[in-house]
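Input: a single structure, listed below in structure tokens.
Each reported figure results from applying straightforward, stated rules to the coordinates on display, with no laboratory input. Quantities reported herein were computed from a predicted structural model and do not represent experimental measurements. No Cβ is skipped: glycine too gets one built from the backbone with ideal geometry, and neighbour counts run over all protein chains shown.
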Amino acid sequence: MKKLNLAIIGQGRSGYSIHGAHFKKDTDRFCVKYIVDAIEERRVKAEKEFGCETFENYQALFDRKDNIDFVINASFSWDHYPVTL
């Protein structure tokens, strides 16, 4: 089975403790390639824990030329629609 590449937008409670924790345990099927968070401390932590590239804003994902199979939108609830759009 192909390993799926993903990005997580947001490293708050949902992005880190729920989604991130799941994907960290299942590295046979998933590879966290990118994490987006506005808070630098969270980006530094993500780079260490996931070994991934991080960005301050989600628009930076648009420049990625490699394969991202899916994106977890764990941004603030009021940002879900604009980020997903």
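A few notes on this one:
- Whole-Hz couplings from phi, Karplus 6.51/-1.76/1.60, listed for segment 13-21; x for Gly and Pro: 4, 6, x, 8, 6, 9, 5, x, 4
- Per-residue HN-Hα couplings for segment 75-85 [Karplus 6.51, -1.76, 1.60; θ = phi - 60°; Hz; x = Gly/Pro]: 6, 4, 4, 6, 9, 3, 5, x, 5, 5, 4
- Under the simplified labelling scheme, the ILE39-ASN67 pair shows an inter-label distance of 3.4 nm, with each label point 7 Å from Cα along Cα→Cβ.
- For LYS48 and MET1, the FRET efficiency from 1/(1 + (r/R0)^6), where r spans their Cβ atoms and R0 equals 41 Å, is about 0.90.
- The H on the amide N of PHE30, modeled in the peptide plane, is under 5 Å from the matching H of LEU4, each at least 5 residues off or on a different chain.
- Per residue of the chain, the DSSP helices (runs of n ≥ 4 H) give a summed -39500 (n - 2.57) that works out to -6000 deg cm²/dmol at 222 nm.
- Selected from LYS48, LYS25, LYS65 as most flexible by GNM, with the chain as the system and alpha-carbon contacts under 10 Å: LYS65
- Residues whose placed amide H lies under 5 Å from that of PHE55, excluding near-sequence neighbours: ILE35, VAL36, ASP37
- Cα-centre dipole for segment 19-75 with unit charges at Cβ (Lys and Arg positive, Asp and Glu negative), debye to 20: 140
- GNM top mover of ASP63, ASP26, ASP37 - the chain, alpha-carbon springs below 10 Å: ASP63
- Under-5 Å amide H pairs with ASP69, H placed in peptide plane, nonlocal only: ASN5, LEU6
- Checking [x] 16.0; [y] 13.1; [z] 12.8 against Kirkwood radius over Cα pairs in Å calculated from these atoms, the matching label is [z].
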